[in-house]
Amino acid sequence: MNGDHTPNLNSDDPKTPLLPVHDPIPRSPSSNSSLISLFTPNNFYILLGPLLCTLICLLVKLDAPVTSIYMLAILAWIFSWWFTEAVPMPITSMAPLFLFPLFGIASADSVARSYMDDVIALVLGSFILALAVEHYNIHKRLALNITMLFCGDPLNPPLLLLGICATTAFVSMWMHNVAAAVMMMPVATGILQRLPRGPTQSSVVGKFCKAVVLGVIYSAAIGGMSTLTGTGVNLILVGMWKSYFPEANPISFNTWFFFGFPLALVIFFALWAILCLLYCSKGSGQVLSAYLDKAHLKSELELLGPMAFAEKMVLADFGMLIVLWMTRSITDDVPGWGALFNGLAGDGTVSVMMATLLFIIPNKKQRGEKLMDWNKCKKLPWNIVLLLGAGFAIADGVKASGLADVLSKALDFLEEVPYLAIAPMVCLISATITEFTSNNSTTTLVVPLLIQIAKTMHVHPLLLMVPGAIGAQFSFLLPTGTPSNIVGFTTGHIEIKDMIKTGLPLKIFGIAALSLLMPTLGAYVFGTNGEV
């Protein structure tokens, strides 16, 4: 027992007081500490949005309706919050719902409609199907089968790399890039687990590991360019096209595919060539064959067991959806099944219809259980849905407020600039901005501006909109460029210098390919030679 009466707070004595012992000398609360807690970078970024909005409203003068100034102020508010992420991106994406009515840009009803149209329905349906694919491990079975096919006997590292990258790109065509990267990275790293790590790892093995991880994250981005559902960027572009040009022919799933797939294919083979040149040295097959063989992949596949009824039905449902997407509108001579409904059915119609079937078809595992239930849908990426809605709302707001006309007048100097000079520049600017903010935010910011530039230059808007939107997907240099890059970076196999070494030539090639294909193949597919 201690000689004094000070309780031993570190002892296990049950009589030790649970409340803190009060200091006999009263201390005044520190006002400095509370002030310091207020002056944080995040609080500054939160205030930055309303502050920029207020300054623009007070200081900017335009020879245009006052609503155009208000719209500019709202854009400054929203984009500052998006760039700094002071407020979570999904919450910022809902800001037009209260800012537009308060500033007199649009009514609450008209803004709310932007958050649910056919494009949003397309996203929701396709994401539910993607969750079903993930739930039943269909992606893993597909990946292992294709990788075994490409493995080679004896082992051929460039061919194996091609198989892993091609599988990732294919998966990414039908679901969001990040989801594809998250699904495929464990499959890829599972293959790499057979290889030695640490001090015993040879340079050949280390390089191959880098190639596989880089191949997965870049293939996910490239595959997403192929289809409308592959990434939110394509959907934002299509939604803005419909919003700005409601009388023009909408961009259907197969229209985009006929342009996006050949472009993605060209960029994909460029990626494979770059990875083989940088990371697959001559004789690497002999070194790697000691650790990698078909037996490992076969054992992984056997662990999944035979394909169950539920997996077959999900695959059949997904396959049917793709067929319906591709055949809704084919050509002017062969109109497709959409003509049966007088053009009232859209890609979102069949997306939601096929997703609904998953909640009706039994999975034959437990009595009364269906292929999908709502609990499995709790992982739906509502952040993407809200961001798409915000993009459509902003497109409508820019047009309704009169800001579109102001931008058009300000860009008169571009009238004499040749298209072949401006197209690569548009793509480069978009591809640079996307390294520092999300692909979707970049598209939402850039595309409305490109529409006005196209009007000033008297060229078809899609000739600039498409390079701007696809350029926003060339986030190949930094881990922060897109969540897919972070997925690869956290494996520990790659560093920033590896991304720059591979991503820079890939970005340059992508810009060149897009600048050449858009005025040639793109002009034919999108019909940019005609009137809007």
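The values are calculated or read from the model by the stated rules, or taken from the named source; none is laboratory data. Keep in mind that what you see is a predicted model, and the values were worked out from it rather than measured. Cβ: placed from backbone, ideal geometry, glycine included. Neighbour counts: every protein chain shown. What goes into the accessible areas is simple: the full protein's heavy atoms, side chains included, and nothing from ligands, DNA or RNA. Shrake-Rupley method; radii C 1.70, N 1.55, O 1.52, S 1.80 Å.
Could you compute how much accessible surface Met320 exposes when probed at 1.4 Å, giving the result in Å² to the nearest 10?
Surface open to solvent at Met320 totals about 90 Å².
Tell me the carbon and sulfur percent of the accessible area for the chain, rounded to whole percent, probe radius 1.4 Å.
Carbon and sulfur atoms account for 66 percent of the accessible area of the chain.
Sort the range 197-263 into rounded, prolate or oblate with this rule: let a ≥ b ≥ c be the square roots of the eigenvalues of the Cα gyration tensor; rounded if a/c is under 1.5, and if a/c is not under 1.5, prolate when a/b is larger than b/c, oblate otherwise.
The shape class here is prolate.
Could you report the chain's accessible area per residue, 1.4 Å probe, as an integer in Å²?
Result: 47 Å² per residue.
What order do Trp272, Trp82 take when sorted by accessible area (1.4 Å probe), most exposed first?
Sorted by accessible area, descending: Trp272, Trp82.
Just read off the accessible area of Lys376 with the full protein assembly in place, 1.4 Å probe, to the nearest 10 Å².
Solvent-accessible area, nearest 10 Å²: 40 Å².
As a test question: what accessible area, to the nearest 10 Å², does Trp374 have when a 1.4 Å probe is rolled over all protein chains in place?
150
Hey, got a sec? Which chymotrypsin sites (Phe, Trp or Tyr not before Pro) in the range 427-532 land in a DSSP loop and have at most 14 other Cβ atoms within 10 Å?
On the way: sites: Phe436, Phe474, Phe476, Phe489, Phe509, Tyr524, Phe526; in loops: Phe436, Phe474, Phe476.
Passing sites in the range 427-532 are Phe436.
Relative contact order for the chain using alpha-carbon pairs under 8 Å, separation at least 6, rounded to a whole percent?
19
From the helices alone, meaning DSSP H stretches of at least four residues, give me the mean residue ellipticity at 222 nm for the chain, per-run term -39500 (n - 2.57), in deg cm²/dmol to the nearest 500. Mind showing how you got there, number by number?
Values: 25 runs with 343 residues, N = 532.
So the calculated ellipticity at 222 nm is -20500 deg cm²/dmol.
Using Cα pairs under 8 angstrom and six or more residues apart, how large is the relative contact order of the range 348-485, in percent?
Working: 132 pairs, mean separation 30.8, N = 138.
RCO, the range 348-485: 22 percent.
Using a Förster radius of 56 Å, what is the FRET efficiency between Ala410 and Cys377 based on their Cβ-Cβ separation? Nearest 0.05, please.
0.80
Taking a threshold of 31 Å on the Cα-Cα distance, which of the pairs Lys282/Lys497; Lys207/Lys376; Lys242/Lys379; Lys210/Lys294 fall above it?
Result: Lys207/Lys376 exceed 31 Å.
For the range 235-283 and the range 469-532, compute the distance between their C-alpha centroids and round to whole Å.
Taking the Cα centre of each part, the range 235-283 and the range 469-532 sit 9 Å apart.
Which helices pass in the chain if a helix is a full DSSP H run, must span at least 24 angstrom along its long axis by Cα, and must have mean Kyte-Doolittle hydropathy not below 0.5?
41-59, 66-84, 118-135, 157-174, 203-224, 253-279, 309-327, 382-401, 439-457, 496-517
How much FRET efficiency would the formula 1/(1 + (r/R0)^6) give for Thr327 and Gln366, where r is the Cβ-Cβ distance and R0 is 30 Å, rounded to 0.05?
Between Thr327 and Gln366 the formula returns 0.25.
Which of the listed residues, Asn177, Ser203, Tyr419, is farthest toward the dipole's positive end in the chain, when Lys, Arg count +1 and Asp, Glu count -1 at the beta-carbon?
Ser203
Which cross-chain or sequence-distant (5 or more) residues have an amide H under 5 Å from the amide H of Lys370, H modelled 1.01 Å from N in plane?
The list, which skips near neighbours in sequence, is Asn363.
For Phe103, Phe258, what's the largest-to-smallest order of accessible area, 1.4 Å probe? Display every interim value, and only then the final one.
Working: Phe103 50, Phe258 105 Å².
From most exposed to least exposed: Phe258, Phe103.
Which shape class applies to the range 225-268: rounded if a/c is under 1.5, otherwise prolate when a/b exceeds b/c and oblate if not, where a ≥ b ≥ c are the square roots of the Cα gyration tensor eigenvalues?
prolate
Between Phe39 and Ala400, how high is the FRET efficiency from 1/(1 + (r/R0)^6) when r is the Cβ-Cβ distance and R₀ = 30 Å? Nearest 0.05.
Step by step, r from the Cβ atoms, then E = 0.20.
Looking at the square roots a ≥ b ≥ c of the eigenvalues of the Cα gyration tensor of the range 336-438, which shape do they give, rounded for a/c under 1.5, prolate if a/b is larger than b/c, or oblate?
Note, shape of the range 336-438 comes out prolate.
Could you let me know the centre-to-centre spacing of the range 90-164 and the range 374-412, using Cα atoms, in angstrom?
After rounding, the separation between the Cα centres reads 17 Å.
Equivalent ellipsoid semi-axes for the chain, as square roots of 5 times the alpha carbon gyration tensor eigenvalues: give them largest first, rounded to whole Å.
Working: eigenvalues 309, 287, 136 Å².
Semi-axes (√(5λ), whole Å): 39, 38, 26.
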